[in-house]
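Here's the structure, in structure tokens; my notes come after.
The values are calculated or read from the model by the stated rules, or taken from the named source; none is laboratory data. Quick caveat, the model's predicted, so the values are computed rather than measured. Don't worry about glycine lacking a Cβ; one is built from the backbone with ideal geometry, like all the others, and counts go over all protein chains shown.
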Amino acid sequence: MTDHDDDMAGFDARRQRRVRITAWVVIGALVITGGGATVLSLIFG
């Protein structure tokens, strides 16, 4: 049971990293293509 939990923890960490990278790429693409004002207003209120 412990081995299974360790495997899932490693998978979850990789997934979280991939989600973070994807989010930053999307934000960067929006800023570059001119949607930056919208993104910045959403992030900073």
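What to note about this one:
- Extreme residue, farthest from the chain's Cα centre (by Cα), among residues of the range 19-45 that are at pLDDT 80 or above and small (Gly, Ala, Ser): Ala29
- Residue pairs meeting the criteria (Cβ under 9 Å; at least 6 apart or on separate chains; first closer than 22 Å to Ser41 by Cα, in the range 9-27; second loosely packed, with under 10 Cβ neighbours inside 10 Å): Ile27/Ile43
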